[in-house]
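> This is the structure I have questions about; it appears just below.
The values are calculated or read from the model by the stated rules, or taken from the named source; none is laboratory data. What you see is a predicted model, and the numbers here were worked out from it, not measured in a lab. Using ideal geometry, Cβ is built from the backbone for each residue, glycine included, and neighbour counts are taken over all protein chains shown. Accessible surface is based on the protein model in full, side chains and every heavy atom, while ligands, DNA and RNA are left aside. Shrake-Rupley method; radii C 1.70, N 1.55, O 1.52, S 1.80 Å.
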Amino acid sequence: MDAPRLRHFASDNYSGICPEAWDSLQKANFGHARAYGDDAFTQQAADLLREVFETDCEVFFVFNGTAANSLALASCCQSYHSILCHQMAHVETDECGAPEYFSNGTKLLLLPGEHGQIRPDDIANAVKKRNDIHYPKPRAVTVTQATEVGTVYSVDQLRAIGTQAKASGLKFHMDGARFANAVESLGVTPKEITWQCGLDVLCFGGTKNGMPVGEAVVFFNRDMAREFEFRCKQSGQLASKMRFLSAPWVGMLQDGAWLRHARHANTMAALLESELRGVPGVNLLFPRQANGVFAELPLATIEALHARGWLFYTFIGAGGCRFMCGWDTQAEDIASFVSDLRELL
Ligand SMILES: *Cc1c(COP(=O)(O)O)cnc(C)c1O
(Lines give C-alpha, C1' and ligand atoms only; values in the text may rest on other atoms or scores of the structure.)
Protein backbone atom coordinates (compact mmCIF):
# COMPACT_ATOMS: atom_id res chain seq x y z
CA MET A 1 0.00 0.00 0.00
CA ASP A 2 1.13 3.57 -0.72
CA ALA A 3 2.22 5.77 2.17
CA PRO A 4 -0.67 7.94 3.31
CA ARG A 5 -0.76 11.38 1.75
CA LEU A 6 0.52 14.13 4.00
CA ARG A 7 -1.40 17.01 2.47
CA HIS A 8 -4.64 17.59 0.64
CA PHE A 9 -6.50 20.41 -1.10
CA ALA A 10 -9.68 20.11 0.96
CA SER A 11 -9.22 23.11 3.20
CA ASP A 12 -6.58 25.36 4.62
CA ASN A 13 -7.81 24.18 8.01
CA TYR A 14 -6.57 20.66 7.27
CA SER A 15 -3.03 21.96 7.87
CA GLY A 16 -1.02 21.68 11.04
CA ILE A 17 0.46 24.46 13.16
CA CYS A 18 3.09 26.69 11.57
CA PRO A 19 6.49 26.99 13.32
CA GLU A 20 5.97 30.62 14.38
CA ALA A 21 2.70 29.85 16.17
CA TRP A 22 4.16 26.68 17.66
CA ASP A 23 7.27 28.46 19.02
CA SER A 24 5.13 31.13 20.54
CA LEU A 25 2.88 28.56 22.21
CA GLN A 26 5.94 26.92 23.67
CA LYS A 27 7.22 30.25 25.01
CA ALA A 28 3.86 30.79 26.69
CA ASN A 29 4.14 27.43 28.40
CA PHE A 30 6.00 28.37 31.56
CA GLY A 31 5.00 28.80 35.21
CA HIS A 32 1.81 30.63 36.03
CA ALA A 33 0.08 33.52 34.29
CA ARG A 34 -3.16 35.35 35.00
CA ALA A 35 -6.22 33.65 33.52
CA TYR A 36 -9.05 34.91 31.26
CA GLY A 37 -6.89 37.26 29.20
CA ASP A 38 -5.20 39.32 31.91
CA ASP A 39 -1.79 38.00 30.84
CA ALA A 40 1.15 39.51 28.98
CA PHE A 41 0.69 37.42 25.81
CA THR A 42 -2.89 38.53 25.34
CA GLN A 43 -1.86 42.14 25.91
CA GLN A 44 0.99 41.82 23.41
CA ALA A 45 -1.19 40.12 20.79
CA ALA A 46 -3.79 42.88 21.04
CA ASP A 47 -1.08 45.55 20.83
CA LEU A 48 0.39 43.88 17.74
CA LEU A 49 -3.04 43.90 16.11
CA ARG A 50 -3.32 47.62 16.86
CA GLU A 51 0.07 48.05 15.17
CA VAL A 52 -0.95 46.00 12.15
CA PHE A 53 -4.15 48.03 11.71
CA GLU A 54 -2.47 51.32 12.65
CA THR A 55 -5.35 52.32 14.87
CA ASP A 56 -6.57 51.99 18.44
CA CYS A 57 -8.97 49.10 17.86
CA GLU A 58 -10.51 46.89 20.55
CA VAL A 59 -9.52 43.22 20.29
CA PHE A 60 -10.99 39.93 21.59
CA PHE A 61 -9.80 36.38 21.02
CA VAL A 62 -12.30 33.56 20.55
CA PHE A 63 -12.00 29.89 19.63
CA ASN A 64 -13.41 29.83 16.13
CA GLY A 65 -14.82 31.74 13.20
CA THR A 66 -18.45 30.82 13.69
CA ALA A 67 -18.36 32.32 17.19
CA ALA A 68 -16.41 35.36 16.04
CA ASN A 69 -18.89 36.13 13.26
CA SER A 70 -21.99 35.37 15.28
CA LEU A 71 -20.99 37.37 18.34
CA ALA A 72 -19.68 40.30 16.30
CA LEU A 73 -22.90 40.42 14.27
CA ALA A 74 -25.01 40.09 17.41
CA SER A 75 -23.25 43.15 18.79
CA CYS A 76 -24.46 45.14 15.73
CA CYS A 77 -28.12 44.27 16.09
CA GLN A 78 -31.25 43.82 18.17
CA SER A 79 -33.22 40.63 17.68
CA TYR A 80 -35.77 42.35 15.40
CA HIS A 81 -33.08 43.59 13.01
CA SER A 82 -31.70 41.92 9.90
CA ILE A 83 -28.23 41.45 8.42
CA LEU A 84 -27.54 41.64 4.69
CA CYS A 85 -25.13 39.07 3.30
CA HIS A 86 -24.31 37.26 0.07
CA GLN A 87 -26.39 34.16 -0.53
CA MET A 88 -23.23 32.01 -0.45
CA ALA A 89 -21.86 33.65 2.70
CA HIS A 90 -20.40 31.34 5.33
CA VAL A 91 -22.66 33.02 7.94
CA GLU A 92 -25.65 31.82 5.90
CA THR A 93 -24.55 28.42 4.63
CA ASP A 94 -21.98 27.08 7.11
CA GLU A 95 -22.72 28.33 10.60
CA CYS A 96 -25.80 26.27 11.40
CA GLY A 97 -27.86 29.36 12.23
CA ALA A 98 -25.37 30.58 14.85
CA PRO A 99 -25.61 34.26 13.81
CA GLU A 100 -29.39 34.09 14.32
CA TYR A 101 -29.01 32.05 17.51
CA PHE A 102 -26.48 34.31 19.24
CA SER A 103 -28.43 37.43 18.26
CA ASN A 104 -31.68 35.94 19.59
CA GLY A 105 -33.23 35.86 16.15
CA THR A 106 -31.75 38.58 13.95
CA LYS A 107 -32.58 37.46 10.41
CA LEU A 108 -30.08 37.12 7.59
CA LEU A 109 -31.34 38.62 4.32
CA LEU A 110 -29.64 37.20 1.23
CA LEU A 111 -28.28 39.22 -1.67
CA PRO A 112 -27.18 37.87 -5.06
CA GLY A 113 -23.94 38.83 -6.76
CA GLU A 114 -21.34 37.52 -9.16
CA HIS A 115 -18.15 35.92 -7.80
CA GLY A 116 -19.53 35.67 -4.26
CA GLN A 117 -19.60 39.45 -3.90
CA ILE A 118 -22.42 41.82 -2.97
CA ARG A 119 -23.01 45.22 -4.60
CA PRO A 120 -23.92 48.60 -3.09
CA ASP A 121 -27.10 48.88 -5.22
CA ASP A 122 -28.46 45.63 -3.85
CA ILE A 123 -27.75 46.83 -0.32
CA ALA A 124 -29.59 50.08 -0.99
CA ASN A 125 -32.54 48.25 -2.53
CA ALA A 126 -32.83 45.75 0.31
CA VAL A 127 -32.98 48.63 2.77
CA LYS A 128 -35.40 50.76 0.71
CA LYS A 129 -37.68 47.89 -0.16
CA ARG A 130 -39.67 48.04 3.07
CA ASN A 131 -39.68 50.19 6.17
CA ASP A 132 -42.88 48.98 7.78
CA ILE A 133 -43.11 47.32 11.14
CA HIS A 134 -43.61 43.84 9.61
CA TYR A 135 -40.18 43.67 7.98
CA PRO A 136 -36.99 42.81 9.95
CA LYS A 137 -35.22 46.15 9.85
CA PRO A 138 -31.80 45.94 8.15
CA ARG A 139 -29.12 47.02 10.60
CA ALA A 140 -25.89 45.44 9.35
CA VAL A 141 -24.16 44.25 6.22
CA THR A 142 -21.44 41.63 6.12
CA VAL A 143 -18.89 40.75 3.44
CA THR A 144 -16.46 37.83 3.29
CA GLN A 145 -12.87 38.75 2.42
CA ALA A 146 -11.51 36.67 0.66
CA THR A 147 -14.90 35.33 -0.50
CA GLU A 148 -16.27 31.81 -0.32
CA VAL A 149 -15.43 31.34 -4.01
CA GLY A 150 -11.86 32.54 -3.75
CA THR A 151 -12.30 36.06 -5.08
CA VAL A 152 -11.20 39.25 -3.33
CA TYR A 153 -13.09 42.53 -2.97
CA SER A 154 -10.98 45.45 -4.24
CA VAL A 155 -10.39 48.60 -2.19
CA ASP A 156 -12.87 50.45 -4.42
CA GLN A 157 -15.56 47.81 -4.00
CA LEU A 158 -15.17 47.89 -0.21
CA ARG A 159 -15.19 51.69 -0.11
CA ALA A 160 -18.40 51.73 -2.11
CA ILE A 161 -20.02 49.17 0.21
CA GLY A 162 -18.84 51.11 3.26
CA THR A 163 -20.27 54.35 1.87
CA GLN A 164 -23.58 52.66 1.07
CA ALA A 165 -23.71 51.03 4.51
CA LYS A 166 -23.28 54.38 6.15
CA ALA A 167 -25.90 56.02 3.93
CA SER A 168 -28.33 53.20 4.70
CA GLY A 169 -27.67 53.28 8.45
CA LEU A 170 -26.01 49.84 8.50
CA LYS A 171 -23.11 48.58 10.55
CA PHE A 172 -20.37 47.05 8.40
CA HIS A 173 -18.89 43.65 9.31
CA MET A 174 -16.23 41.57 7.57
CA ASP A 175 -15.77 37.81 7.83
CA GLY A 176 -12.02 37.64 7.40
CA ALA A 177 -11.43 33.93 7.84
CA ARG A 178 -8.95 34.44 4.95
CA PHE A 179 -8.24 38.11 5.55
CA ALA A 180 -4.48 37.58 5.32
CA ASN A 181 -4.82 36.04 1.86
CA ALA A 182 -6.87 39.04 0.74
CA VAL A 183 -4.38 41.60 2.09
CA GLU A 184 -1.54 39.78 0.40
CA SER A 185 -3.43 39.38 -2.86
CA LEU A 186 -4.30 43.08 -3.06
CA GLY A 187 -0.88 44.27 -1.90
CA VAL A 188 -2.47 46.82 0.42
CA THR A 189 -2.04 47.73 4.06
CA PRO A 190 -4.66 46.19 6.37
CA LYS A 191 -6.18 49.60 7.19
CA GLU A 192 -6.94 50.26 3.51
CA ILE A 193 -9.49 47.44 3.35
CA THR A 194 -10.89 47.81 6.86
CA TRP A 195 -11.53 50.97 8.87
CA GLN A 196 -10.55 53.28 6.02
CA CYS A 197 -13.52 51.78 4.13
CA GLY A 198 -15.80 52.39 7.10
CA LEU A 199 -15.60 48.86 8.49
CA ASP A 200 -16.91 48.62 12.06
CA VAL A 201 -15.74 45.13 12.96
CA LEU A 202 -13.50 42.45 11.45
CA CYS A 203 -13.33 38.77 12.31
CA PHE A 204 -9.68 38.08 11.56
CA GLY A 205 -8.96 34.41 10.96
CA GLY A 206 -5.87 32.77 12.36
CA THR A 207 -6.69 29.09 12.07
CA LYS A 208 -6.54 28.76 8.28
CA ASN A 209 -3.32 30.76 8.17
CA GLY A 210 -1.35 28.37 10.38
CA MET A 211 -2.53 28.78 13.96
CA PRO A 212 -3.80 25.82 16.00
CA VAL A 213 -7.07 27.50 16.90
CA GLY A 214 -8.47 30.96 17.36
CA GLU A 215 -9.78 34.05 15.64
CA ALA A 216 -9.54 37.70 16.63
CA VAL A 217 -12.57 39.97 16.75
CA VAL A 218 -11.27 43.45 15.94
CA PHE A 219 -13.59 46.38 16.64
CA PHE A 220 -12.69 49.59 14.84
CA ASN A 221 -15.93 51.03 16.15
CA ARG A 222 -15.08 50.91 19.85
CA ASP A 223 -18.63 51.73 20.98
CA MET A 224 -19.76 48.44 19.51
CA ALA A 225 -17.24 46.56 21.64
CA ARG A 226 -18.98 47.62 24.82
CA GLU A 227 -19.72 44.57 27.02
CA PHE A 228 -18.49 42.24 24.25
CA GLU A 229 -16.52 40.31 26.89
CA PHE A 230 -19.86 39.32 28.44
CA ARG A 231 -21.08 37.95 25.10
CA CYS A 232 -17.89 35.91 24.85
CA LYS A 233 -18.23 34.53 28.35
CA GLN A 234 -21.94 33.73 28.05
CA SER A 235 -21.42 31.87 24.79
CA GLY A 236 -18.58 29.76 26.16
CA GLN A 237 -15.93 31.64 24.18
CA LEU A 238 -13.87 33.06 27.03
CA ALA A 239 -10.75 30.89 27.30
CA SER A 240 -9.58 30.52 30.86
CA LYS A 241 -5.99 29.77 29.79
CA MET A 242 -6.25 32.62 27.30
CA ARG A 243 -2.48 32.86 26.84
CA PHE A 244 -2.60 29.72 24.69
CA LEU A 245 -5.18 31.31 22.40
CA SER A 246 -3.33 34.63 22.15
CA ALA A 247 0.33 33.55 22.14
CA PRO A 248 0.14 32.09 18.60
CA TRP A 249 -1.02 35.52 17.42
CA VAL A 250 2.16 37.04 18.83
CA GLY A 251 4.21 34.53 16.84
CA MET A 252 2.21 35.19 13.67
CA LEU A 253 2.20 38.98 13.89
CA GLN A 254 5.52 40.02 15.35
CA ASP A 255 7.67 39.32 12.30
CA GLY A 256 5.07 39.23 9.54
CA ALA A 257 4.61 35.44 9.41
CA TRP A 258 0.88 35.94 8.83
CA LEU A 259 1.61 37.65 5.51
CA ARG A 260 4.41 35.30 4.51
CA HIS A 261 2.15 32.29 4.99
CA ALA A 262 -0.66 33.96 3.07
CA ARG A 263 1.70 34.84 0.24
CA HIS A 264 2.91 31.27 0.08
CA ALA A 265 -0.64 29.88 0.03
CA ASN A 266 -1.68 32.36 -2.68
CA THR A 267 1.42 31.55 -4.74
CA MET A 268 0.69 27.82 -4.51
CA ALA A 269 -2.89 28.44 -5.63
CA ALA A 270 -1.59 30.46 -8.58
CA LEU A 271 0.67 27.55 -9.49
CA LEU A 272 -2.20 25.07 -9.23
CA GLU A 273 -4.36 27.35 -11.34
CA SER A 274 -1.77 27.60 -14.10
CA GLU A 275 -1.24 23.83 -14.05
CA LEU A 276 -4.99 23.18 -14.27
CA ARG A 277 -5.30 25.58 -17.20
CA GLY A 278 -3.02 23.26 -19.12
CA VAL A 279 -5.16 20.17 -18.51
CA PRO A 280 -7.77 19.53 -21.22
CA GLY A 281 -11.20 18.80 -19.74
CA VAL A 282 -10.77 21.06 -16.71
CA ASN A 283 -12.95 24.15 -16.59
CA LEU A 284 -11.94 26.86 -14.11
CA LEU A 285 -14.94 28.40 -12.39
CA PHE A 286 -14.04 31.69 -10.70
CA PRO A 287 -11.18 34.17 -11.01
CA ARG A 288 -8.40 32.90 -8.75
CA GLN A 289 -7.49 35.82 -6.51
CA ALA A 290 -6.47 34.23 -3.20
CA ASN A 291 -5.55 30.71 -2.03
CA GLY A 292 -8.40 28.72 -3.57
CA VAL A 293 -8.91 27.36 -7.07
CA PHE A 294 -12.37 26.30 -8.24
CA ALA A 295 -12.78 24.00 -11.19
CA GLU A 296 -15.33 21.81 -12.85
CA LEU A 297 -14.32 18.17 -13.43
CA PRO A 298 -16.21 15.20 -14.82
CA LEU A 299 -18.01 13.34 -12.01
CA ALA A 300 -16.17 10.10 -12.79
CA THR A 301 -12.82 11.89 -12.49
CA ILE A 302 -13.81 13.34 -9.12
CA GLU A 303 -14.66 9.86 -7.90
CA ALA A 304 -11.43 8.44 -9.24
CA LEU A 305 -9.38 11.17 -7.54
CA HIS A 306 -11.16 10.48 -4.27
CA ALA A 307 -10.47 6.77 -4.76
CA ARG A 308 -6.76 7.61 -5.06
CA GLY A 309 -7.01 9.25 -1.67
CA TRP A 310 -7.21 12.93 -2.65
CA LEU A 311 -9.43 14.91 -0.33
CA PHE A 312 -11.20 18.04 -1.65
CA TYR A 313 -14.65 19.55 -1.42
CA THR A 314 -17.29 19.38 -4.14
CA PHE A 315 -20.02 21.71 -2.91
CA ILE A 316 -20.19 24.06 -5.91
CA GLY A 317 -22.98 22.27 -7.80
CA ALA A 318 -22.48 19.11 -9.86
CA GLY A 319 -18.84 18.71 -10.83
CA GLY A 320 -17.71 21.90 -9.07
CA CYS A 321 -14.60 21.32 -6.96
CA ARG A 322 -12.72 23.53 -4.55
CA PHE A 323 -8.97 23.21 -4.13
CA MET A 324 -7.50 25.15 -1.22
CA CYS A 325 -3.82 25.79 -0.64
CA GLY A 326 -2.38 26.55 2.78
CA TRP A 327 0.77 27.77 4.45
CA ASP A 328 2.26 24.27 4.12
CA THR A 329 1.22 23.34 0.56
CA GLN A 330 4.24 22.24 -1.46
CA ALA A 331 4.86 22.42 -5.20
CA GLU A 332 5.31 18.61 -5.10
CA ASP A 333 1.74 18.24 -3.80
CA ILE A 334 0.50 20.13 -6.83
CA ALA A 335 2.68 18.18 -9.23
CA SER A 336 1.49 14.89 -7.79
CA PHE A 337 -2.17 15.92 -7.87
CA VAL A 338 -2.01 17.24 -11.43
CA SER A 339 -0.21 14.13 -12.60
CA ASP A 340 -2.97 11.93 -11.12
CA LEU A 341 -5.58 14.18 -12.70
CA ARG A 342 -3.98 13.95 -16.15
CA GLU A 343 -3.82 10.20 -15.86
CA LEU A 344 -7.48 9.94 -14.90
CA LEU A 345 -8.97 12.32 -17.45
C1 LIG B 1 -13.48 28.71 7.85
C2 LIG B 1 -14.37 29.89 7.74
C3 LIG B 1 -14.93 30.48 8.87
C4 LIG B 1 -14.69 29.95 10.28
O5 LIG B 1 -15.22 28.71 10.50
P6 LIG B 1 -15.04 27.90 11.87
O7 LIG B 1 -15.04 26.49 11.44
O8 LIG B 1 -16.21 28.25 12.71
O9 LIG B 1 -13.77 28.35 12.51
C10 LIG B 1 -15.69 31.61 8.70
N11 LIG B 1 -15.91 32.13 7.48
C12 LIG B 1 -15.39 31.59 6.37
C13 LIG B 1 -15.63 32.23 5.05
C14 LIG B 1 -14.62 30.43 6.45
O15 LIG B 1 -14.11 29.89 5.35
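> So if a site counts as exposed when it's one of the chymotrypsin sites (Phe, Trp or Tyr not before Pro), its DSSP state isn't H, G, I, E or B, and it has at most 11 other Cβ atoms within 10 Å, what's the longest stretch of the chain without one? Let's see the in-between values first.
Details: sites that count: Phe30, Phe315.
The longest such stretch corresponds to 31-314.
> Hey, another quick one. Just for the Cα atoms in the range 257-344, what are the lengths along the principal axes, largest first, rounded to whole Å?
39, 24, 22
> Normalise the Debye intensity by I(0) for the range 170-212, one equal point scatterer per Cα, no solvent, then take log10 at q = 0.21 Å⁻¹ and round to two decimals.
After summing over all Cα pairs, the log10 values are -0.67.
> Any chance you could check the Cα centroid distance between the range 232-287 and the range 120-193 for me, in angstrom?
21 Å
> Using 0.36 nm times the number of residues separating Ala300 and Lys233, minus their current alpha carbon distance, what extension gain do you get?
19.3 nm
> Continuing with this model, one more query. Give, rounded to the nearest 20 debye, the magnitude of the charge dipole that the range 257-344 has about its Cα centre when Lys and Arg contribute +1 at Cβ and Asp and Glu contribute -1 at Cβ.
280 debye
> How large, in percent, is the carbon and sulfur part of the accessible surface of the chain at a probe radius of 1.4 Å?
Working: 7630 of 15390 Å².
Carbon with sulfur: 50 percent of the solvent-accessible area.
> Sticking with this one: With charges only on Cβ, +1 for K and R and -1 for D and E, what is the dipole size of the chain about its Cα centre, in debye, rounded to 20? Don't skip to the end; give the middle numbers.
Numbers: 31 positive and 39 negative charges, 148 e Å.
About 720 debye.
> If R₀ is 41 angstrom, what is the calculated FRET efficiency for the pair Ala335 and Lys191, using the beta carbon separation as r and rounding to 0.05?
After rounding, the FRET efficiency stands at 0.60.
> Based on DSSP H runs of at least 4 residues, each adding -39500 (n - 2.57), what is the mean residue ellipticity at 222 nm of the chain after dividing by all its residues, to the nearest 500 deg cm²/dmol?
-11500 deg cm²/dmol
> Quick check for me: using +1 on Lys/Arg Cβ and -1 on Asp/Glu Cβ, what's the dipole size of the range 169-314 about its Cα centre, in debye to the nearest 20? Present the calculation step by step, with values, prior to reporting the outcome.
Details: 15 positive and 13 negative charges, 72 e Å.
Here the range 169-314 has a charge dipole of around 340 debye.
> Okay, next question. Just to be sure I understand: of the beta bridges DSSP finds with both ends in the chain, what percent are antiparallel, rounded to 5?
The antiparallel fraction comes to roughly 50 percent.
> Quick one: accessible area per residue over the chain, 1.4 Å probe, rounded to a whole number of Å²?
Result: 45 Å² of accessible area for each residue.
> Please list Leu299, Leu48 in order of solvent-accessible area, largest first, computed with a 1.4 Å probe with all protein chains present.
Largest to smallest exposure gives the sequence Leu299, Leu48.
> Within the range 94-170, report the trypsin sites (Lys or Arg not before Pro) that DSSP leaves as loop and that have at most 13 other Cβ atoms within 10 Å.
Passing sites in the range 94-170 are Lys129, Arg130.
> Given 0.36 nm per residue, what is the gain on full extension from His134 to Ser79 after removing their alpha carbon distance, in nm?
Going from the current span to full extension adds 18.4 nm.
> Let me ask you something else. Would you mind estimating how fast the chain diffuses translationally, via Stokes-Einstein at 37 °C and 0.692 mPa s with the Kirkwood radius over Cα pairs, in µm²/s?
Estimated via Stokes-Einstein, D reaches 158 µm²/s.
> Which order do you get for Thr314, Thr106 if you rank them by accessible area with a 1.4 Å probe, largest at the top?
Most to least solvent-accessible, the answer reads Thr314, Thr106.
> Another one. Give me the base-10 log of I(q)/I(0) for the range 1-154 at each q in 0.20 Å⁻¹, Debye formula, one uniform scatterer per Cα, rounded to two decimals.
The computed values of log10 I(q)/I(0) come out as -1.31.
> OK, next. For the range 19-253, with the dipole built from +1 on Lys and Arg beta-carbon atoms and -1 on Asp and Glu ones, taken about the Cα centre, which of Gly187, Ala160, Leu108 lies farthest toward the positive end?
Checking the options against the dipole of the range 19-253, the answer is Leu108.
> Take the Cβ-Cβ distance between Thr55 and Ala318 as r, set R0 to 56 Å, and report the resulting FRET efficiency rounded to the nearest 0.05. If you can, show how the numbers build up before the last one.
Details: r = 45 Å, r/R0 = 0.81.
E between Thr55 and Ala318, to the nearest 0.05, is 0.80.
> Still on this structure: So which GluC sites (Glu not before Pro) in the range 1-54 end up in coil per DSSP with only 16 or fewer other C-beta atoms within 10 Å?
Taking the range 1-54 and a limit of 16 other Cβ atoms within 10 Å, the loop GluC sites (Glu not before Pro) found are Glu54.
> Let me ask something else. Treating the Cα atoms of the range 88-216 as identical point scatterers in vacuum, please give the log10 of the normalised Debye intensity I(q)/I(0) at q = 0.13, 0.19 Å⁻¹, two decimals.
-0.53, -1.14
> Right, something else. Give the Rg/Rh ratio for the range 231-289, taking Rg as the radius of gyration of the Cα atoms and Rh as the Kirkwood radius, to two decimals.
We get a ratio of 1.27 for the range 231-289.
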